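The values are calculated or read from the model by the stated rules, or taken from the named source; none is laboratory data. As the structure is a prediction and not an experimental result, all values here were calculated from the model. Here the Cβ is made from the backbone with ideal geometry for all residues, glycine too, and neighbour counts use every protein chain on show.
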Amino acid sequence: MSFSFLDHGTSKRILPIPKKYFWERKNPDDPDEVDHTETLSFRTKLWHRSVAVLGKALYVAEYAGEIIAQVFGLNESRYQYVIDNMSEDDWAKARKVNEEREKEWADHLAAKAVEEETGVKASAL
């Protein structure tokens with residue numbers, strides 16, 4: 001089952017998003033600029049208006065979502081309360097554990113590199 005209409009090239013040919021809306025002009029103060037709005041079809045004008053309105057609606061929805069996420073604390077780390085309540089001793093222990101884990105990981109990567117080069121498992125050495 002193929003959805004060829006979902007291909008970006010095809011969808012943009014069928015429903016192109018306008019780069020510039022029909023009511024926008026390069027220079028509104030220039031009386032010599034030709035206004036082509038009378039020659040456009042109703043369908044084209046309707047499409048431009050629809051894209052503009054939906055774009056604004058998306059902007060408003062994103063803005064409202066950001067506010068709601070901020071109010072309910074969804075932008076914070078999941079365990080932010082733990083980080084906020086850690087003492088200096090807790091931080092020192094956490095740094096020590098982190099250093100040990102980083103060393104173990106470096107040893108693991110080195111053993112894996114040796115294993116790939118020689119074809120012999122590091123545990124057999």
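Are any residues in segment 38-52 surrounded by fewer than 12 Cβ atoms within 10 Å (Cβ to Cβ) and within 13 Å of I17 (Cβ to Cβ), and if so, which ones? Matches in segment 38-52: S50 only.
The set of residues from segment 46-84 being within 19 Å of the chain's Cα centre (by Cα) and under 30 Å from A94 (Cβ atoms) comprises A69, Q70, L74, N75, E76, S77.
With respect to T39, determine if the residue is part of a loop (DSSP other than H, G, I, E, B) and in the same structural domain as K20 (by TED's automatic domain parsing). Yes; evaluated as a whole, the condition is true for this residue. Among the residues making up segment 82-91, those that are exposed (fewer than 10 other Cβ atoms within 10 Å of the Cβ) and assigned to a helix (DSSP H, G or I) are D84, E88, D89.
Quick one: would you say K56 is surrounded by 10 or more Cβ atoms within 10 Å (Cβ to Cβ), free of Cβ contacts under 8 Å to residues at least 12 places away in the same chain and assigned to a helix (DSSP H, G or I)? Walk me through it before giving the result.
Working: surrounded by 10 or more Cβ atoms within 10 Å (Cβ to Cβ): yes; free of Cβ contacts under 8 Å to residues at least 12 places away in the same chain: yes; assigned to a helix (DSSP H, G or I): yes.
The answer is yes for K56.
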